[in-house]
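Chemist: Below: one structure in structure tokens.
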Amino acid sequence: MKWYKIPGVPYTNEPFITKVKIGGKSICLVGFEGQIYALLAICPHAGADLSEGLCVKGKIVCPYHRYTYNLETGKGGEGQNDFVTTYLVDIRDDGIYVGIKSFWDRLSGK
Ligand code: FES
């Protein structure tokens, strides 16, 4: 797994939603109740930008059709039968890092 430092997004306890590009991916970064979550920014339903959505009760709400995804697991809401990819987040002294597994990492189960 490769860890990427998120440029220009300092750690904060305040809620926020923003989009960053790292490792060739668009990542939706969400600050919620003092935790930082990272999800693929592309909605699995029809491709909307999840970073333009809302955060409600630990879920990101897609701006297009209001599907919801759990911030921690990426699991879709009841009846959706889908999920969005989530990424590990590490808060370090020098900033926020997001871990992205390579294709080979995923194949080898790392
Ligand atoms: S595009 Fe996200 S719910 Fe339809």
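The values are calculated or read from the model by the stated rules, or taken from the named source; none is laboratory data. It should be emphasised that the depicted structure is a prediction, and the values quoted were computed from it without experimental measurement. Reconstructed Cβ throughout: ideal geometry from the backbone, glycine too, with neighbour counts over all protein chains shown. The protein model used for the area step is the full one, side chains on, heavy atoms only, and it has no ligands, DNA or RNA in it. Shrake-Rupley method; radii C 1.70, N 1.55, O 1.52, S 1.80 Å.
Chemist: What per residue convex hull volume, in Å³, do the alpha-carbon atoms of the range 2-108 yield?
Modeler: Residue-normalised Cα hull volume stands at 102 Å³.
Chemist: How large is the accessible surface of Thr12 in square angstrom, using a 1.4 angstrom probe and rounding to the nearest 10?
Modeler: Result for Thr12: roughly 50 Å² accessible.
Chemist: Using the crude model of +1 on Lys and Arg Cβ and -1 on Asp and Glu Cβ, and no other charge, please compute the dipole size for the range 2-108 relative to its Cα centre, in debye to 20.
Modeler: Roughly 280 debye for the range 2-108.
Chemist: Taking a 20 Å limit on the Cα-Cα distance, which of the listed pairs Lys2/Lys75; Lys19/Lys59; Lys2/Lys59 fall beyond it?
Modeler: Lys2/Lys75; Lys2/Lys59
Chemist: Using +1 at the Cβ of each Lys and Arg and -1 at the Cβ of each Asp and Glu in the range 1-95, identify which of Ile17, Tyr37, Ser51 lies farthest towards the dipole's positive end.
Modeler: Most positive-ward Cα: Ser51.
Chemist: Going through the cross-link list Lys5/Lys57; Lys5/Lys101; Lys25/Lys101; Lys21/Lys57; Lys57/Lys110, which pairs have a Cα-Cα distance over 20 Å in this structure?
Modeler: In this structure, Lys5/Lys57; Lys21/Lys57; Lys57/Lys110 lie more than 20 Å apart at Cα.
Chemist: While we're looking at this one, here's another question. Accessible area per residue for the range 2-108 in Å², computed with a 1.4 Å probe and the full protein assembly in place, what is it?
Modeler: With all protein chains present, the range 2-108 gives 60 Å² per residue.
Chemist: Okay, moving on. Run the 1.4 Å probe and let me know the accessible area of Asp94, rounded to the nearest 10 Å².
Modeler: In the full protein context, Asp94 sits at about 80 Å².
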